[in-house]
Amino acid sequence: MVENEYGAGQITVLKGLEAVRHRPSMYIGNTDVRGLHHLFVEVVDNSIDEAMGGHAKNIEVVLHRDNSLSVTDDGRGIPVDIHPEEGIPGVTLALTVLHAGGKFEGKNYKFSGGLHGVGVSCVNALATWLEVTVRRHGKIYQQRFERGTPVTDLTVIGTTSEDDTGTSVRWLADDTIFTKVEYHEELLTGRMRDLSYLTPGVRLVFTDENKGESHVFHHEGGLTAFVEHLNSSRTALHKPIAFQTEREEMSGPVEVNVAMQYNDSYQDNILSFANNIKTGEGGFHVSGFRMALTKVINQFARKMGILKEKENNFTGDDVLEGLCAVISVKLRNPQFEGQTKGKLGNAEIQGVVNSIVNEGLTEFFEQNPSSAKRILEKAATAARAREAARKAADAIKRANALDGGGLPGKLKDCIEKDPARCELFLVEGASAGGSAQLGRDRRTQAILALRGKPLCVEKARLDKALDNEEIKSLITALGTGIQVNSQSKNGNGEEEEEVEKDRNGFHFDLGKLRYHRVIIMTDADVDGAHIRTLLLNFFYRYMPDLVSQGHVFLARPPLYKITSGKHVLYAWDDAELAVKQKEIPGRNPYVQRFKGLGEMNDVELADTTMLPDKRKMVQVTVDDAVETDRTFSLLLGEKVEPRRQFIEAHARDAKNLDI
């Protein structure tokens, strides 16, 4: 054969679960923290499918001391009898063969999230070891696998009562696959909290053996209770609006469950689910909801005289302000985009949700005119503020054009033009800004010095934010524009003209980001922490993609400087200080506690906080969007009592907080 000739012998055939281990990101999204936790989602969702079918009431998740994770339910138990065609037990088949499962034909489950049949087998493939225990027919069965391959046969290890049934899956994620096998409790409990609202009556328990702590999630109130939880740190404008309907469509049964409530904030928070799977990127169920919401509000606004004859309709953004909503649909054959199921692609669900929301919201408005009026007046106020914000945005664009290039005067830009190699430091105060400018690498590091504390956008509408000089400078320096509503793109991408025809001149384009690392560099004190929180609040509300795509970082300046003769060391917390004091040569070293960045000269600031090979930085990520939204609202919103309770509850923790 000629060298380099491409023949049949050069085609590689991956058998069994080898394909999953060879290309894990194709099946679980990635191999970082998200992919690691996606294994948990796949297993717990199987237990929830049993609960949705009325077969399970209790689900227990345990993070064991050996860093393995287990999920146990009291469902029917995975079948253990021999498959007639494959000749192996059903549980072995489900764990070792892709696209093997009992959810394809709709006979065993009316609604199910795990329709791809690759979930638990992927977990098995990407685990150093996995043990499955099944309680069924009065017996306890167990089988062990290593990296997807059975190392024992399915064996009876004990007996139990006939009515004691269920499945337990315990696995240790493979550290040769994942970048780091470290579970985040917030991601685990966040999913369990959501599921407790979506499947009312089911009891979910999370236990961390290392901490000796357990958390119970059990809610009978369903989505209404979910919305009340989301709005707990805000002032609601009316009682929750909720409606649940099941219809028989040509494609099979469809269930739509919606709960919504407006509050006094200026942000929207829409969560969407399909067959209990969180659809973070939305889909046709979200677009159907938004179209109905916009249509009904406009109809009643004209009917009640809030919109005059010659006035334009409210836009989709106007009716979202202050809205908290949960949309849950269940359907026989959901079409998720990708194995991670971030978006629902069933086009037929759009019309179903549109119709049900239209009917339900119309009925509520007719029966509750005072609540309807408060909602309509909030939309009217939002429309006026958005028009003012549009004019302010246009003024910023015109001013930038007249300035030539449009960059703010306070920005000390870098020489490099490739955004991937550039980083922007957001620094508080002129003193720290001066040190940062002298200590930076002019080739790749830009400095934007901010005066005082930024505007709290949690308590200000967009028009007020765009009137703030520091916010305008920040938006201009980054170059991306802003995202008016976090949910504006959380639909199917092809929403009807009445919802998306007027974006009010706002457009966010991550491709125009001028610096791929945006680094918040504030003092290591309470004021610095407050400024950091205000900046993070702005990014989360008006540039959420900047955060979700990993472009925002927190600089970590040292707290202490330890000097002994010519020897100098730095420490970032009290524990490190104790160690460094022992390490430094000489006796009785001098310890200086930095009160702020301005106390450092340019060399110190560069060596400790700015040089890539020496600095310590934290990348900002969002593990739990629900709790992130609530926390910003609680800490920075208008409602005082929840904030006071939070401070009192966490006062002791704050004493040891490394800021």
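Miscellaneous remarks
- Under 5 Å between amide hydrogens, built in the peptide plane, is the criterion, and for LEU559 it picks out ALA571, TRP572, ASP573 among residues at least 5 positions away or on other chains.
- As a fraction of the 1.4 Å probe accessible area of the chain, surface on carbon and sulfur atoms comes out at 49 percent.
- Magnitude of the charge dipole, the chain, Cβ model with Lys/Arg +1 and Asp/Glu -1, debye to 20: 1980 debye
- On a per residue basis, the chain carries 46 Å² of accessible surface, using protein heavy atoms and a 1.4 Å probe.
- Residue range of the chain that is longest and free of GluC sites (Glu not before Pro) which are both DSSP loop and sparsely packed (at most 14 other C-beta within 10 Å): 338-493
- Translational diffusion of the stretch 147-232, µm² s⁻¹ [Kirkwood Rh, Cα pairs; Stokes-Einstein; 4 °C; 1.567 mPa s]: 79 µm²/s
- Tail beyond 27 Å, pair distance distribution of the stretch 159-290 (Cα, percent): 38 percent
- Built amide H within the under 5 Å cut-off of LEU450, gap 5+: VAL427, GLU428, GLY429
- Loop chymotrypsin sites (Phe, Trp or Tyr not before Pro), the stretch 232-333, which have at most 15 other Cβ atoms in a 10 Å radius of their Cβ (DSSP): none
- Amide H within-cut-off set for ILE140, under 5 Å, with H built and near neighbours excluded: ILE157, GLY158, THR159, THR160
- Comparing ALA392, LEU204, ILE349 along the charge dipole axis of the chain, the residue lying farthest to the positive side is ALA392, per the Cβ-charge model.
- The chain, helix-only ellipticity at 222 nm - DSSP H runs n ≥ 4, -39,500 (n - 2.57), divided by all residues, nearest 500: -11000 deg cm²/dmol
- P(r), alpha carbons of the stretch 559-659 - 5 Å bins starting at zero, rounded %: 2, 10, 14, 16, 15, 12, 12, 10, 5, 3, 1
- From phi via Karplus (6.51, -1.76, 1.60), per-residue ³J(HN,Hα) for the stretch 122-138 in Hz, x at Gly/Pro: 5, 4, 4, 5, 9, 10, 4, 8, 9, 10, 10, 10, 10, 9, 6, 6, x
- Per-residue Karplus couplings for the stretch 277-292, computed as 6.51 cos²θ - 1.76 cosθ + 1.60 with θ equal to phi - 60°, are listed in order as 8, 5, 9, x, 9, x, x, 5, 5, 6, 5, x, 4, 5, 5, 5 Hz, Gly and Pro entered as x.
- Computing volume of the Cα convex hull per residue in Å³ for the structure here picks out one of [x] 223; [y] 211; [z] 329, namely [x].
- Residue-wise HN-Hα coupling along the stretch 628-638, computed from phi with Karplus coefficients 6.51, -1.76, 1.60 (Hz; x: Gly, Pro): 4, 4, 5, 5, 4, 5, 5, 7, 10, x, 7
The values are calculated or read from the model by the stated rules, or taken from the named source; none is laboratory data. Predicted, not measured: the structure shown is a model, and the values here were computed from it. Cβ: placed from backbone, ideal geometry, glycine included. Neighbour counts: every protein chain shown. Heads up: the accessible areas ignore ligands, DNA and RNA and are worked out on the full protein's heavy atoms, side chains in. Shrake-Rupley method; radii C 1.70, N 1.55, O 1.52, S 1.80 Å.
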